[in-house]
Each structure stands twice: as C-alpha cells, then as structure tokens.
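The block underneath contains the structure these notes are about, expressed in structure tokens.
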Amino acid sequence: MPPNTVRLAGGIVTGEGVVGVGIAIFYVISALVGNHDKGISYYGTAAWFGVLFGGVLAAGVTLLMGKRGGRGVAIITQVLLAPFAFSLLGQSHQLAWGILIVLAIVPAFVLLVHPRTSEWMNRPYAHRADPDAGRSDDSDDPDD
C-alpha cells in the first residue's frame, strides 16, 4: 500500500494533466469554430498540449492508483512548470494564474520527493542495496 504522499501527489498531477488536456480540447474546438489568429496554429498547439499533458495525466493516474510508475514524469512536470508560473507572477502580471500554478506545483513536488514516497518507491530494490547480499561466508576478501 503506498503512503498518502503518493496518492496526494497523484491527485495533484492528475489535475494538472486534466487541465492540460482540457486546453488541448479548447484549442481544437476553437479551430473548428473558425478562430484563426495570426501566429498560432490551433491544431498544432492542441497536439502539443494533448501529447505532453496526456503523459502527465497518465503519470498522475498511475500514482493515484498506487503504482510506482509516473513519478519521474510528475517531478519533471513540476520543475518545468515552475519557470512558467514565475513568468506569470512577474513579466506577465497575471498574479492569479501564477499563484494558482505555484499552489499546485510546490505541494506536488514536495510530496513526490518526500522521504516516505522515496522509501516506498525504492522498496522493491532494497535487496540490491545490501552489500552483503549474495556473498558467501567463506570469502577471501581482505576487507572483511
């Protein structure tokens, strides 16, 4: 059974994925109804958001289900969203959106790197960390 840190992080990351896929759907619908602004490809932007945040959504659902996959994608997502959030807080002057993103990425990152999460993620590999594993007692190793 995974610790609560994994499931909470999975919930946040799933939410991020849903928002990203929702943006992709918004761009497709905008293109279908005839919005064509210069300098933007609605279908290309939708594909970009769909692919990237589809992966984020899958990672979040994986963590939410208590499985070990998805943590790497989730951590990288938080790291990549940080500069975006801080640009909203600074140069773009969109404080509400910037604060909202920061309020998602900081707890998600902390939960993803929390010691309980790390210990749970590493549990299947614990036998590899034992330096005496697989050693016989009659070893000629002078370091014994």
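Every number here is computed from the coordinates shown, using simple stated rules; none is lab data. In this text, all values refer to a predicted model and were calculated from it rather than measured experimentally. Note: ideal-geometry Cβ built from the backbone for every residue, glycine included; neighbour counts use all protein chains shown.
For the chain, a Gaussian network of Cα nodes joined below 10 Å ranks F26, F53, F109 by mean-square fluctuation, and the top entry is F26. Rounded to the nearest 500 deg cm²/dmol, what is the calculated helix-only ellipticity per residue at 222 nm for the chain, with -39500 (n - 2.57) per DSSP H run of length n ≥ 4? It comes out at -23500 deg cm²/dmol, rounded to the nearest 500. In this label model, A96 and R128 are separated by 4.8 nm, measuring between points 7 Å along each Cα→Cβ vector. Report the paramagnetic label zone for V106: residues of the stretch 62-91 whose backbone N is under 14 Å from a point 7 Å from Cα along the Cα-to-Cβ axis. Residues passing the 14 Å test: 82-83, 85-86, 89. Long hydrophobic helices in the chain, taken as whole DSSP H segments with a C-alpha length of 20 Å or more on their own axis and mean Kyte-Doolittle hydropathy at least 1.6: 71-89, 95-113.
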